[in-house]
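Take a look at the structure set out below.
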């Protein structure tokens, strides 16, 4: 039995789970370009002039602010971490707001009844034989409060969404901005009710 070196006709080769930059560019350009050559051209362009001597005798590194070859220049390659680190307050820091009871309201003026008394508490509560006990009427009051609307405004620019500058491919910039706006609003509420 011979080893299977080619996939049978009609069978598509499975896509790899992790694609390299070269594979992504080849898929995008329908195998007309390769990503490795693009990265190599960028690397050459970034390193051009860094270690060369200028007409005045100063090295390219000295002209661009000093440093060793490959570490200075007009442009630098950066290795940015794809995960955002939160150094601000998180949901567990919101103590007072989580303690409050939240009651949904269907109108901008919320109303409720409050019992002020169960009845008259004056006088004795005993009675003579053949007589009726003294009665009382509970008292209620009607209360209301206007709903206060709170909000904040945020947004993500279209280039930030396209270039994934808020944390790479693993993070949705719109969802992260919504979470940030929510935490900002919750912190302001927490400070206001303390």
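Extension gain for residue 23-residue 189 works out to 54.9 nm (0.36 nm per residue, less the C-alpha to C-alpha distance).
FRET efficiency for the pair residue 37 and residue 165, taken as 1/(1 + (r/R0)^6) with r the Cβ-Cβ distance and R0 = 25 Å, rounds to 0.50. Label positions at residue 102 and residue 153, each projected 7 Å from the Cα along the C-beta direction, are separated by 2.4 nm. How much of the calculated P(r) for the stretch 90-145 lies past 13 Å, in percent of all Cα pairs? Roughly 76 percent, rounded to a whole number.
Computed from the coordinates by the stated procedures, all read-outs in this text should not be read as laboratory data. If you're wondering where the values come from, they're calculated on a predicted model, not measured in any experiment. Using ideal geometry, Cβ is built from the backbone for each residue, glycine included, and neighbour counts are taken over all protein chains shown.
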